[in-house]
Amino acid sequence: MPPILVVHGGAWAMPDDMVDAHKNGVRQALATGWTVLQRGGSALDAVEEAIVVLEDDETFDAGRGSFLNRDGKVQLDALVMDGATLRAGGVGCVERLKNPIRAARKILSDSPHVYFVAEGAERFAQEQGIALCKNEDLIIPREVARLQEYQSHGTDRKPDLFAPAISHDTVGAVALDNKGNIAAGTSTGGTLDKAPGRLGDSSLIGCGCYADNDTAAASTTGWGEPIMKLVLAKWTADRVGAGHPPDEAASDAIHYLKNRVNGHGGIIVLNRKGDFGIFHNTPRMAWGVRSGILDVVGVEKH
Ligand code: GLY
């Protein structure tokens, strides 16, 4: 089976001066994940490694450099899922993990559970040999300034955080390996000024991502609450399972998101045949595809 990797780095009205940084980040993530697939590694490993690159890149709202919550802290969510076994691992509201996707992967691989939150997730990660960091290590000046600017507006004059112009730089990946297995993963810092303890769609199974060899792998980005209401990643995978090609399912999903709950965002979808779809209803979405014949990144409509 020829492998393929598709990644995204958020769907929003990305300004022109941020396009290159997004494309570069996506390119790096593709290169790293592709190396795994080319060596015969699993889709799951490729997804994890690609997402680590995006978490480490301060361009994106994932890992270090994420949006700050109302208290000025980074709180991260991540999920990974294996289409062969339906095993999944998710972490929510973690504050001391540089790469929450690594903890999510450990849950998938080494725990009978599917989901850990907050201190319990951090304790699990530490028990699995993952070093904890300080929350301050995840905070960068750009985000301190962004939060201060946002909070300086009076309650009734705050910009609409859920307009597509505001960044939803959640990152994600879907992959197919040479054994014919698919996997999906998603990681985020959530939304600017979020209430402490708020979980978005990204780490919730079927919302932020989903993977089932019988249907498809999907990863979403965008305004989390509407995506959660539609369990959009599972909805999309099921649509592929019902016979719709992934590109059509991706477009159907984002139209459904808009028409049913006035949501906005983007999605990447991949099936076991290597057919994929990329769609968003925001002005831009960072995306990239790598296979034996494709090596392409973009921010406009695919
Ligand atoms: N999609 C990211 C979030 O809303 O948390």
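Comparing Thr188, Thr282, Thr221 in a Gaussian network model of the chain, where Cα atoms under 10 Å apart are tied by springs, the biggest mean-square fluctuation is seen for Thr282. Shape call for region 9-128 from the C-alpha gyration tensor, a ≥ b ≥ c root eigenvalues: rounded (a/c under 1.5), prolate (a/b greater than b/c) or oblate? Oblate shape, in that a/c is at least 1.5 and b/c is the bigger or equal ratio.
When the solvent-accessible area of region 25-145 is split by element, carbon and sulfur atoms take up 48 percent of it, the probe being 1.4 Å. Any chance you could check the Cα centroid distance between region 112-131 and region 168-191 for me, in angstrom? Cα centroid of region 112-131 versus Cα centroid of region 168-191: 20 Å apart.
Run lengths n ≥ 4 of DSSP H only: what is the helix-derived mean residue ellipticity at 222 nm for the chain, with -39500 (n - 2.57) per run over all residues, to the nearest 500?
Calculated from helices alone, the mean residue ellipticity at 222 nm is -10500 deg cm²/dmol.
For the chain, relative contact order (Cα pairs under 8 Å, six or more residues apart, normalised by length) works out to 25 percent. In this simple spin-label approximation, Asp110 and Asn262 carry label points 7 Å from Cα along the Cα→Cβ vector, and these lie 4.6 nm apart.
With label points built 7 Å along Cα→Cβ from the Cα atoms of Cys133 and Asp17, find their separation and express it in nm. Each label point is offset 7 Å from its Cα along the Cβ direction, giving 2.5 nm. Rolling a 1.4 Å probe over the heavy atoms of the protein chains gives the chain an accessible area of 38 Å² per residue. Computed over region 1-76, relative contact order equals 25 percent, with contacts defined as Cα pairs under 8 Å that lie 6+ residues apart. Only beta bridges with both residues in the chain are counted; by DSSP, about 90 percent of them are antiparallel. Note on region 33-155: antiparallel DSSP beta bridges, both residues inside, total approximately 60 percent of the bridges counted.
The values are calculated or read from the model by the stated rules, or taken from the named source; none is laboratory data. Please read these numbers as outputs of a predicted model, since none were measured by experiment. Note: ideal-geometry Cβ built from the backbone for every residue, glycine included; neighbour counts use all protein chains shown. For accessibility, only protein heavy atoms count, side chains too; no ligands or nucleic acids. Shrake-Rupley method; radii C 1.70, N 1.55, O 1.52, S 1.80 Å.
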